[in-house]
1. Examine the range 101-119 for a residue that is on the phi > 0 side of the Ramachandran plot, under 23 Å from the mean Cα position of the chain (by Cα) and assigned to a loop (DSSP other than H, G, I, E, B), and state whether such a residue exists.
2. Which of the residues spanning the range 295-324 are near the ligand (Cβ under 9 Å from one of its atoms), of a type in the set (A, V, I, L, M), farther than 14 Å from S184 by Cβ and at pLDDT 90 or above?
3. Quick check on the range 195-204. Is at least one of its residues part of a loop (DSSP other than H, G, I, E, B) and in contact with a Gly (Cβ under 8 Å, 6 or more places away or on another chain)?
4. If you scan the range 250-266, which residues turn out to be near the ligand (Cβ under 9 Å from one of its atoms) and within 21 Å of T201 (Cβ to Cβ)?
5. Evaluate the range 146-163: report whether one residue or more is surrounded by 11 or more Cβ atoms within 10 Å (Cβ to Cβ) and in contact (Cβ under 8 Å) with a residue 24 or more places away in the chain.
6. Select from the range 19-59 the residues that are in a loop (DSSP other than H, G, I, E, B) and in contact (Cβ under 8 Å) with a residue 40 or more places away in the chain and list them in ascending order.
7. Taking the range 273-294 as the search range and keeping residues that are over 22 Å from the mean Cα position of the chain (by Cα) and more than 8 Å from the ligand (Cβ to nearest atom), which one is farthest from R182 (Cα to Cα)?
Amino acid sequence: AELTRSYSQFQSILATMSEGVLLIETEGEILYCNPTAGNLLFREPSEVNGKQLWEIMRTPGLEAAIELASSRPGEEVRKEFELQRSGSIVEMSAVQSDISSGAGMVIVLHDVTELRRLSRMRREFVSNVSHELKTPLTAIQAYAETLLDGGGLEDAENNRLFVERIQEQSDRLQQMIQDMLRLSKIESQADAFQLQPTSLTKIVESCVETHSAIAKAREITLKFHCNEKNSIDIVADREGLQTVFDNLINNALNYTQGHGIVEVRCWHENRKVFIEVKDNGIGISQRHHERIFERFYRVDQARSREMGGTGLGLSIVKHYVNVFGGEIAIESEVGRGTTFCVSFPLVEQSL
Ligand code: ADP
C-alpha cells in the first residue's frame, strides 16, 4: 500500500508538471515520458516508451549533449534546440544518475518559444527605435551643419527654410518619443489606468469635431452618425479613448485624397458598442492587414513620414482597445478605402 501510494504521488506530480520529463536508460531507450513531454513531441507517452530518444527527437547536437551528460553523472548538461515537428524552441536539461544505480538519465524539456519570441521582439524594437530616431536626427545635423558652414547663416534666401526644417524634424522626434512613452505606459502599467464608466459617444463626437477643420482644409467630408440618442458608456480611460479615435480619424484623413469621405458611425448590438471609422482613401492591401498593428509597420514609409506619422499610432490604438476589453478589426481594399471597426462591451446600466 505504501509503495502504491508513493507511486501514484510521483505519477500525479509528473503528470501535472509544466515541464516535459523523460527518463532514458544508458542505451538511449525511453523508459518514461510525462504528458507535457508527449505534447511537446506531438506523441502519446505510451507510443514513445521503449523507443530510442534519437528516433523521436532528430535534432543536430542532441546526441552529443546526451553523450556528454552520460559521461558526467550528476552534472547538468543544457542545450537549446528547435523541435522539427512543431517548430517550438525547447531548452533541454539532462542529468545522468549514478550509473551503478542503473537509474538512467532524466531529461527535462522546457518550452521557451514565447520567451525567445519576446526577446527577439525586444531586440527588433531597439533596432527599430534607433533607426527611426536616427533619420530625423541626421536631417537636423545636416541642416545645422549647412547653416554653420559655408555661410549658410548669411544666405537670406535659405536660412529661414533650414531652421524651419530643423523645427519640423525636432517635432517629429518629439512626437515619436511621446508615442513610445505612451506605448510603454500602456504595456507596463495596464492595470494603473483609472478605468471608469466613460461616455464613449461624447468622446467620439468631440474627436470628430476636433478634426473637422483639418478635413475642411483638405476638402474631405467628415461625417458623424450615431444611432443612439443617449450617451453610451463603457469602462475605460478618457484620455486613452481620445487617443484611439484621434489616431483612427487622423489616419483616415491622412490616407484619403481630397474630395474624399470619412464617416464615423456608432451603434450598439448584443451588449456591445461598435464604432466604425470608414474612409474611401488609398486602402491597404490584404497582405498588410495582419501586420498593420505592429510597431513601426507602415505600408508606405515615405507617405507616412510626409504626413508626420510615426508608425506607432495603430499599435497604440490596439493596445488601448485591448486594455479597455475591446477588439479592433480592419477591412480594406486598395483604391477603395479602409474601415476600422472597434467594439467594446457595454456597461450594464448603460442604455
Ligand atoms: P502612421 O503614423 O505611419 O500613420 P500607424 O500605426 O497609424 O502609423 O499606421 C500604420 C500604417 O498603416 C500607416 O503607415 C499606413 O500605411 C497604414 N494606414 C493606417 N490607417 C490607414 C488608412 N485609413 N488608410 C490607408 N492606410 C492606412
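1. No.
2. Within the range 295-324, V299, L314, V317 meet the criteria.
3. So far as the range 195-204 goes, no, none of its residues is part of a loop (DSSP other than H, G, I, E, B) and in contact with a Gly (Cβ under 8 Å, 6 or more places away or on another chain).
4. Across the range 250-266, the qualifying residues are N250, N251, A252, L253, V262.
5. Checking the range 146-163: not a single residue is surrounded by 11 or more Cβ atoms within 10 Å (Cβ to Cβ) and in contact (Cβ under 8 Å) with a residue 24 or more places away in the chain.
6. Residues satisfying the conditions are E19, E25, T26, L41, F42.
7. Restricting to residues being over 22 Å from the mean Cα position of the chain (by Cα) and more than 8 Å from the ligand (Cβ to nearest atom), the top hit is N280.
Residue-wise test of (1) touching a residue at least 60 places away in the same chain (Cβ under 8 Å); (2) under 27 Å from T310 (Cα atoms); (3) among the aromatic types (F, W, Y).
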{"position": "E82", "(1), (2), (3)": "no, no, no"}
{"position": "I107", "(1), (2), (3)": "yes, no, no"}
{"position": "R117", "(1), (2), (3)": "no, yes, no"}
{"position": "Q141", "(1), (2), (3)": "no, yes, no"}
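The values are calculated or read from the model by the stated rules, or taken from the named source; none is laboratory data. Quick caveat, the model's predicted, so the values are computed rather than measured. Neighbour counts run over all protein chains shown; Cβ positions are idealised from the backbone, glycine included.
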